[in-house]
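A short worksheet on the structure shown next.
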Amino acid sequence: MDYKPGLFTTADPIAQQTGSMIDPFGRAVTYLRVSVTDRCDFRCTYCMSENMTFLPKKDLLTLEELDRLCSAFVAKGVRKLRLTGGEPLVRKNIMFLIRSLSRHLQSGDLEELTLTTNGSQLGRYATELADAGVKRINVSLDTLDKEKFHTITRWGDLDRVLDGIDAALAAGIKIKLNAVALKGFNEDEIPQLLRFAHARDMDLTLIETMPMGEIDEDRTDQYLPLSSVRQTLSEQFTLTDLDYKTGGPARYVKVEETGGKLGFITPMTHNFCESCNRVRLTCTGTLYMCLGQDDAADLRTALRASDDNAYLFASIDEAITRKPKGHDFIIDRTTKRPAVARHMSVTGG
Ligand code: SAM
Ligand code: SF4
């Protein structure tokens, strides 16, 4: 049978035999993050070098192939699907994939279809995303200063991103802002970012920079431990620890003065791997079982070998047996090479 997007659902007889994905440490894999393109319209200094070599277009999975792969994971128990990149909204015809995947929301097989975006294209896509059942998205925003925004993203325009955020909120999409905490860059601005987010009913999550891929700068100069950010914030705000979990690595506090939530993602100072429920797929069909390790499985070969999904399911099962216990990130003056050679834009964070 030729594969047609939209036709494969978990009602398929093969899908019903697939079973769920439990890794060797007993963790159920229920969350798939998919980098739909390695390309981006920004060049954030902590993420990419200015002159990036991107994959040749011919190496990319087609949108139909991405749909089939994502659907296979849904059949195997994935309940949450996040499209990321590079910038997911610069992939040509991306709404075709999003609309197609939304059938799994309608069937109830998928709980959430979401994305992580730099916000530059949200003005154009917000309404369509909402219509396709996207209820929440993450938008990356490291500063509210126009000049600094241009410095950190190299190519970005803050006003366009802010308009995109407004468009998404107006379309009824809930937003979580993500900001990478950078020493000497935005550490003084975090209270302002917090007030900006909470005034619009958006949560804010702070992220420590991770040593992924060669960039043009020294990461030791950028790295800011969130333990010290929290310490500084607690001089101005009352931070109450929350039990709230999104299934992700963030630990949340309530900011009593604003009433909003603030998350901390601390891959460097706290290892959150014991509750990891996710795997990451690249736009070439490579599956990474851990963000911080190089081991990967090639699913493109299985995908293209047959229209029948049996081989693909077997390849996914084999990959899950290799999910490692965790990662070891180090940033210091003696460790000059990144912990993993690939850039964050390959797997999308
Ligand atoms: N382009 C989209 C965006 O910026 O939201 C999606 C992809 S981007 C790689 C996903 C997230 O990873 C962003 O929030 C970005 O700030 C973060 N990121 C990129 N490189 C990072 C690094 N080396 N350490 C920590 N976070 C990083
Ligand atoms: Fe692009 Fe996102 Fe990386 Fe910035 S963080 S360069 S927006 S992929």
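Here, each number is a calculation from the coordinates, and none is a lab measurement. Computed from a predicted structure; not experimentally measured. Here the Cβ positions follow ideal geometry from the backbone for every residue, glycine too, while neighbour counts run over all protein chains shown.
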Length released on extending from F96 to D201, taking residue separation times 0.36 nm less the Cα-Cα span: 34.8 nm
Mean-position separation - Cα centroids, region 174-206 and region 215-244, in angstrom: 11
Rounded FRET efficiency, nearest 0.05, which uses the C-beta distance separating D241 from A28 and R0 of 25 Å: 0.45
Kirkwood-based Rg to Rh ratio, the chain, C-alpha trace: 0.95
Degrees, to the nearest 10: 158-170 long Cα axis against longest axis of the chain: 60
Amide H partners (placed H, <5 Å) of N178, local residues excluded: V139, S140, L141, T205
Gyration tensor verdict on region 44-84 (Cα atoms; rounded if a/c is under 1.5, prolate if a/b is larger than b/c, oblate otherwise): oblate
Full-extension gain in nm, Q231 to E112, via 0.36 nm per residue minus C-alpha separation: 39.4 nm
Fully extended contour minus Cα-Cα distance, from F54 to K174, at 0.36 nm per residue: 40.1 nm
Links that overshoot a 28 Å alpha carbon limit, given the list K80/K254; K261/K323; K92/K135: K261/K323
Those lysines that a straight Cα-Cα span of less than 21 Å connects to K183, excepting residues fewer than 8 apart in one chain: K146, K148, K336
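Could you work out [θ]222 nm for the chain from helices alone, using -39500 (n - 2.57) per DSSP H run of at least four and dividing by all its residues? Round to the nearest 500 deg cm²/dmol.
Value at 222 nm, helices only, nearest 500: -8000 deg cm²/dmol.
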The chain: antiparallel DSSP beta bridges as a percent of all, rounded to 5: 30
Estimated FRET transfer efficiency (D166, Y311; beta-carbon r; R0 30 Å; 0.05): 0.05
Enclosed volume per residue, in Å³, of the convex hull spanned by Cα atoms of region 146-299: 154
Projected label distance in nm at R154 and T258, using a 7 Å step from Cα toward the beta-carbon: 3.0
Mean shadow area of region 202-292, taken as a quarter of the surface of its Cα convex hull (nm²): 7.7
Those Cys residues of the chain for which no other cysteine Cβ falls under 4.7 Å: C40, C70, C273, C276, C283, C290
